[in-house]
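Data first, discussion second: the structure below is written as structure tokens.
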Amino acid sequence: MPQQVQGVVATGRNEPVRVETIVVPDPGPGEAVVKIQACGVCHTDLHYKQGGINDDFPFLLGHEAAGIVESVGDGVTDVAPGDFVILNWRAVCGRCRACLRGRPQYCFDTHNARQKMTLLDGTELSPALGIGAFAEKTLVAAGQCTKVDPGVDAAVAGLLGCGVMAGIGAAINTGNVGRGDSVAVIGCGGVGDAAVVGARLAGAARIIAVDIDDRKLETARSMGATHTVNSRSTDPVEAIRELTGGFGADVVIEAVGRPETYRQAFYARDLAGTVVLVGVPTPEMKLELPLLDVFGRGGSLKSSWYGDCLPSRDFPMLVDLHQQGRIDLGAFVTETIGLGDVEKAFARMHEGDVLRSVVVLG
Ligand code: APR
Ligand code: ZN
Ligand code: ZN
């Protein structure tokens, strides 16, 4: 029997989001219905609401979530009802050219549930990133459910489903930060701070946090930054070079997504160093660099989608490290809110005093 539950829906460009009754079908083959326990509010949800991703309104927002599998459809063997899972938006296919080359973290054919959730009048919903988890229950592909230690707080676990994984993965997967490396992180919101945590976890000797807001720099320090630079008052390229013997950092992680901060990242790295772009640019942004500098400085310029994570490998590992006290993911949860508070959480994002607001469901 299809179920009726409450969910947060964006009905049109810049309309305030509303809590609506939504209809969740029983899981079909390869699908699962998950009872959501917590879901973080991410910038991408706001971009959906603003029409910045596509025009497929109405959207069922929310995609940084953890919960309990309630039911599964035919052929599902990896998860079962009662499992505690983090939802991912990288359910790998196992058959595309990336998967077949043994690089499933780059899977080019990820999948979501086939059936649609709807409004009461039958209007089909577009779930954010194929998840739609600002809802009491949601329907996903079973491959989007990653089992982790059920002892972890759901509000913390859910964050690994998007932003925190993107940041940690930018450092440990894409940037391949190693013991003794110097790392600079430009932009210290939730994603940048997670990159700081990842760099520390990987054994970076020096972690330089750069932001234009002193409050953000303070938080970055509490997450493991060894040095901070306010780039509103100080040239960050000069400062990073000074802090690295005059050379630049081995790995620079750009977690803003703007041409000017990318340029800083490009020039703040050492020769043969690595730049990782994890901040998401907008379509009109352009980058101009002397091609000779691109060639002459060597190294690698990489982008990091979802932290190049492989959910089945990375989610359980990071939950375990958190449970052992070796990383503190709880520090990313600034506030817990209800389903009706998502619009307010979007407003708070702009004020810059929130790493993550997390919707917690009863
Ligand atoms: N130089 C340095 N830091 C900057 C600059 C700048 N020119 N402009 C903004 N920042 C800082 C902000 O002060 C803030 O601390 O970048 C940080 C951005 O943080 P959030 O807005 O909290 O964003 P976050 O969730 O961390 O995401 C960062 O990654 O996933 C993408 O879409 C996301 O592009 C965004 C980026
Ligand atoms: Zn694939
Ligand atoms: Zn997200």
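Any read-out appearing in this document is the output of simple, stated calculations on the displayed coordinates, not a laboratory observation. Everything numeric in this text was worked out from a predicted model, so none of it was measured. Cβ coordinates were reconstructed from backbone atoms using ideal geometry, including for glycine residues, and neighbour counts include every protein chain displayed.
Roughly speaking, what is the centre-to-centre gap between segment 285-362 and segment 213-239 when only Cα atoms are used, to the nearest Å?
Taking the Cα centre of each part, segment 285-362 and segment 213-239 sit 18 Å apart.
Between segment 72-92 and segment 192-210, what's the alpha-carbon centroid distance in Å?
Cα centroid of segment 72-92 versus Cα centroid of segment 192-210: 32 Å apart.
What is the Cα radius of gyration of segment 167-304 over 2.2 N^0.38 Å, N being its residue count?
Working: Rg = 13.2 Å, N = 138, 2.2 N^0.38 = 14.3 Å.
This ratio for segment 167-304 stands at 0.92.
If you take the square roots of the eigenvalues of the alpha-carbon gyration tensor of segment 114-188 and sort them as a ≥ b ≥ c, do you get rounded (a/c under 1.5), prolate (a/b over b/c) or oblate?
Numbers: a/c = 2.95, a/b = 2.24, b/c = 1.31.
The shape class here is prolate.
Taking 30 Å as R0, compute the FRET efficiency from the Cβ-Cβ separation of residue 124 and residue 80 and round it to 0.05.
0.60
Can you sort 235, 55, 211 from fewest to most other Cβ atoms within 10 Å of each residue's own Cβ?
Values: 235 13, 55 8, 211 28.
In increasing order of surrounding Cβ atoms, one gets 55, 235, 211.
So if each residue of separation counts as 0.36 nm, and I subtract the Cα-Cα distance between residue 324 and residue 336, what length gain in nm does that give?
Values: separation 12, 0.36 × 12 = 4.32 nm, distance 2.31 nm.
Extending this stretch completely gives an extra 2.0 nm.
Beta carbons within 10 angstrom, averaged per residue: use that to sort the peptides 87-94, 174-181, highest first. Don't skip to the answer; put the middle values down first.
Working: 87-94: 22.6, 174-181: 19.5.
Peptide ranking by packing, descending: 87-94, 174-181.
Evaluate the chain: find the radius of gyration of its Cα atoms, find its Kirkwood radius, and give the ratio Rg to Rh.
On the way: Rg = 20.3 Å, Rh = 20.7 Å.
Here Rg/Rh amounts to 0.98.
Charges only on Cβ, +1 for Lys and Arg, -1 for Asp and Glu: so what's the dipole of segment 167-304 about the Cα centre, in debye to the nearest 20?
Numbers: 14 positive and 16 negative charges, 57 e Å.
The calculation lands at about 280 debye.
So how much slack lies between residue 353 and residue 313, counting 0.36 nm per residue of separation and subtracting their Cα-Cα distance, in nm? Provide the component values of the computation, followed by the final result.
Numbers: separation 40, 0.36 × 40 = 14.40 nm, distance 3.18 nm.
Length gained between residue 353 and residue 313: 11.2 nm.
Taking a cut-off of 23 Å between Cα atoms, list the lysines near residue 216, but don't count ones fewer than 8 places away on the same chain.
Straight-line reach from residue 216, under 23 Å: 344.
Using 0.36 nm per residue, how much length does the chain from residue 100 to residue 284 gain when fully extended, once their Cα-Cα distance is taken away?
Details: separation 184, 0.36 × 184 = 66.24 nm, distance 3.45 nm.
Using 0.36 nm per residue and subtracting the Cα-Cα distance, I get 62.8 nm.
Arranged by the count of other C-beta atoms within 10 angstrom, fewest first, what order do 318, 289, 329 take? Don't skip to the end; give the middle numbers.
Working: 318 29, 289 14, 329 22.
The most exposed by this proxy come first: 289, 329, 318.
Show which lysines lie in cross-link reach of residue 147 when reach means a straight Cα distance below 18 angstrom and same-chain residues fewer than eight apart are skipped.
Output for residue 147: 35, 137.
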